[in-house]
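Asker: Quick one: the structure is below, questions incoming.
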Amino acid sequence: MKRIALIFPGQGAQKIGMGKELYDQSPAARAVFDQANAILGEDLARVIFEGPEDKLMSTAYCQPAIFTVSMAALAAFRASEKSSAVAVAYTAGLSLGEYGAMCAAGVLSFKDSLELIRKRGAYMEEAAKAHPGKMAAVIGFDKDKLVAICAQAGCEVANFNAPDQIVITGAGAAVDEACRLITEAGGKKVIPLDVSGAFHSSLMRVAADKFAGELVCAPLQMTDTKVISNVTAKPQLSSEEVRSNLSRQIYSPVQWVDSVRFIATQGIMDIIEIGPGRVLKGLIRKIDTSINVQNIQSFTDIATLSF
């Protein structure tokens with residue numbers, strides 16, 4: 001049986017209509033959407049399938065939506081014969097996607113994951129309004145130079161997404177200054193991101209502190225499937241470590257490059273990206289071309305999997 005890893009996308013992967021084929025063709029996936037509706041007390045599936053777009057794009061809806069679609073895709077995969085050919089050794093997710101990784105590994109239940117995501121999003125949105133900030137993606141610029149410029153400008157790194165793609169975050173003036181300095185230093189591509197706050201920055205500390213109180217009560221079950229932390233890029237081995245890292249994740253940089261490299265060092269060269277979009281597959285191509293990444297975002301994707 002082949003040992004694999006499952007990975008899950010974060011915020012930004014959402015689009016109207018995602019998961020509709022899964023809902024229509026997989027009873028297991030449909031049950032996940034129905035469960036989400038019952039937990040949230042509203043028709044999340046309808047917002048996902050029909051919009052309106054501004055509602056789906058809001059933090060309050062897009063985070064539960066991406067998680068739910070990812071878990072529906074996972075349920076459809078697990079209900080298929082394809083799943084019997086593999087053993088999931090590791091899971092990981094990009095920012096919000098870490099909750100998909102936790103749920104897939106059995107560390108958190110679907111219900112507890114969804115409720116935590118709703119609270120996490122609310123605290124982050126609250127912090128963003130109280131402490132406005134910006135984010136920008138920097139493409140094709142030296143990592144060490146970028147980190148030094150961030151320190152000089154007073155902003156921070158939010159995501160190490162790929163060797164040539166790093167996201168910066170912080171107060172608006174600090175991010176603007178960093179973008180100016182990067183351009184002066186020869187940076188060719190600096191892209192302001194359309195986000196509502198300075199996520200993964202110290203401006204989110206107040207959200208993390210509030211969320212830590214929610215995590216204290218969250219029932220966790222450590223399992224044989226190890227979840228790679230965004231904060232440490234290493235497997236989490238205890239409930240205490242999970243609670244600490246999920247809180248720290250809100251204001252710490254996402255170590256995606258090192259997370260993928262760690263998985264590869266464990267001899268895992270087959271990864272399935274589960275959920276909307278193919279962003280993570282594209283990032284992994286830039287991190288390690290020897291890793292085989294496949295996607296499940298529709299029901300027909302399952303039939304095309306090969307190991």
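Asker: When we measure straight from the Cα of Lys286, which lysines land under 27 angstrom away, once same-chain ones fewer than 8 places off are left out?
Answerer: Answer for Lys286, where 27 Å is the Cα cut-off: Lys2, Lys15, Lys134, Lys143, Lys145, Lys188, Lys189, Lys226, Lys234, listed by chain and number.
Asker: Taking the radius of gyration and the Kirkwood hydrodynamic radius from Cα positions alone, what is the Rg/Rh ratio for the stretch 133-192, to two decimal places? Please report the intermediate quantities before stating the final value.
Answerer: Numbers: Rg = 9.6 Å, Rh = 10.7 Å.
Using only Cα positions, Rg/Rh for the stretch 133-192 is 0.89.
Asker: Dividing the convex hull volume of the Cα atoms of the stretch 185-244 by its residue count, what figure in Å³ per residue is obtained?
Answerer: Details: hull volume 9.2 nm³, N = 60.
Normalising the Cα hull of the stretch 185-244 by residue number yields 153 Å³.
Asker: Same structure again: How large is log10 I(q)/I(0) at q = 0.07, 0.11, 0.13 Å⁻¹ when the Debye formula is applied to the Cα atoms of the chain, each weighted equally and without solvent?
Answerer: Calculated log10 I(q)/I(0) at the listed q: -0.25, -0.64, -0.90.
Asker: For the stretch 33-93, what is the convex hull volume of the alpha-carbon atoms per residue, in Å³?
Answerer: Convex hull of Cα atoms, per residue: 98 Å³.
Asker: Mind checking the angle between helix 110-130 and the chain's longest principal axis? C-alpha axes, 0 to 90 degrees, to the nearest 10.
Answerer: Around 20 degrees separate the two axes.
Asker: Looking at the stretch 1-104, what % of the alpha carbon pairs are farther apart than 18 Å? Walk me through the intermediate numbers first.
Answerer: Numbers: 2543 of 5356 pairs.
Percentage above 18 Å: 47.
Asker: On to the next question. How compact and how long is the stretch 136-259, expressed as Rg and Dmax of its alpha-carbon atoms in Å?
Answerer: Radius of gyration, then largest Cα-Cα span, for the stretch 136-259: 15.9, 50 Å.
Asker: Continuing with this model, one more query. With both bridge residues required to lie in the chain, what share of the DSSP beta bridges run antiparallel, to the nearest 5%? Spell out each step's value before the answer.
Answerer: Numbers: 16 of 34 bridges.
That works out to approximately 45 percent antiparallel.
Asker: Kindly provide the helix-only [θ] at 222 nm of the chain, computed as the sum of -39,500 (n - 2.57) over DSSP H runs of four or more divided by all residues, to the nearest 500 deg cm²/dmol?
Answerer: Details: 14 runs with 153 residues, N = 307.
My calculation for the chain gives -15000 deg cm²/dmol from helical runs alone.
Asker: Pick out, in residue order, every one of the trypsin sites (Lys or Arg not before Pro) in the stretch 1-96 that is DSSP loop and has at most 11 other C-beta atoms within 10 Å; say none if there are none.
Answerer: Details: sites: Lys2, Arg3, Lys15, Lys20, Arg30, Arg46, Lys55, Arg78, Lys82; in loops: Lys15.
Answer by residue number: there is no such site.
Asker: Measure nothing fancy, just the Cα-based angle from helix 256-265's long axis to the longest principal axis of the chain, in degrees from 0 to 90, nearest 10.
Answerer: 50 degrees
Asker: What angle, in degrees between 0 and 90 and rounded to the nearest 10, separates the Cα long axis of helix 27-40 from the longest principal axis of the Cα atoms of the chain?
Answerer: Rounded to the nearest ten degrees, it is 60.
Asker: Please find, in a Gaussian network model of the chain (springs between Cα atoms separated by less than 10 Å), the residue of Gln236, Gln297, Gln25 whose mean-square fluctuation is greatest.
Answerer: Gln25
Values in this text are rule-based calculations from the coordinates and carry no lab data. This one's a predicted model, so the numbers in the text were calculated from it and none came from an experiment. Positions of Cβ are generated from backbone atoms using ideal geometry, with glycine treated the same way; all protein chains shown enter the neighbour counts.
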